[in-house]
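Right, one structure below, let's go through it.
Just so you know, all these numbers are worked out from the coordinates, no wet-lab data involved. Every value quoted in this text rests on a predicted model; they were computed, and no experiment measured them. So basically every Cβ, Gly included, is an ideal-geometry build from the backbone, and we count neighbours across all protein chains shown.
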Amino acid sequence: MGLRFVSVIAVIAVFGLGCSKKDEGGTGSTASAVSPEAAEIFKQRCVTCHGDDGKGSGPAAASLNPKPRDYTDAAWQGQVKDDELRKIIVKGGAAVGKATTMPPNPDLESKPAVVDGLVAKIRSFKK
Ligand code: HEC
């Protein structure tokens with residue numbers, strides 16, 4: 001395998017990555033795909049409040065005030081940064097001046113790939 005062949009592969013890889021990282025909705029989001037692990041964690045830890053549909057209509061949300069946001073809201077999706085989502089997921093609402101009913105997930109601090117998957121999951125609800 002010659003050097004030229006290797007560099008062609010490298011160029012393809014870079015382009016491929018560039019495309020997969022490209023944001024589809026214009027939010028500037030660079031979050032990766034929803035990994036199976038992140039999907040599972042979302043189901044186990046988030047759906048009770050945020051709902052299967054991401055609208056904040058989970059069974060535990062009825063008693064919450066404020067309610068979890070409607071993730072399908074395109075205007076909000078366009079304005080919120082991935083880093084803001086990452087921070088509240090790991091540190092919880094209290095750390096960012098939001099409702100303390102949004103719990104922290106300190107075990108995810110050492111699992112940035114899972115956090116990115118959760119961000120991607122939240123992004124996937126955008127209408
Ligand atoms: C006990 C209910 C509950 C659970 C469980 C929960 N959340 Fe939340 N979440 C909330 C509430 C309530 C808010 C709104 C806080 C506010 O607006 O002050 C919120 C806000 C958020 C936000 C910020 C949205 C915004 O308005 O900027 C993100 C992101 C988020 N949650 C992600 C998650 C993820 C991911 C999980 C699972 C790992 C999760 N939440 C689990 C209740 C919950």
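Sum up the charges of everything whose Cβ sits under 14 Å from the Cβ of P106, counting Lys and Arg as +1 and Asp and Glu as -1, but leave P106 out. Taking every Cβ under 14 Å from that of P106, the sum is +3.
Let's see if you can work this out: charge +1 on each Lys and Arg Cβ, -1 on each Asp and Glu Cβ, no other charges. What is the dipole magnitude of segment 26-124 about its Cα centre, in debye to the nearest 20? That gives a dipole near 200 debye. Ordering P112, I89, T100 by Cα displacement along the dipole of segment 26-124 toward the positive end leaves T100 in first place; charges were set at the Cβ atoms of Lys, Arg (+1) and Asp, Glu (-1).
Rg ratio for segment 26-124: its Cα radius of gyration over 2.2 N^0.38 Å, N being its residue count, equals 0.99. Mean sequence separation of contacting Cα pairs (under 8 Å, at least six apart), scaled by the length of segment 26-124, corresponds to a relative contact order of 34 percent. Cross-link partners of K98 among lysines, defined as those whose alpha carbon lies under 16 angstrom from its own and excluding same-chain residues fewer than eight positions apart: K67, K81, K87.
Spacing of the modelled spin labels on E37 and S57, each 7 Å from Cα toward Cβ, amounts to 3.2 nm.
Here the spin labels are modelled as points 7 Å beyond Cα on the Cα-Cβ line, and at L64 and K91 they lie 1.9 nm apart. Taking each of K55/K127; K55/K111; K55/K126 in turn, the alpha-carbon distance tops 19 angstrom for K55/K111.
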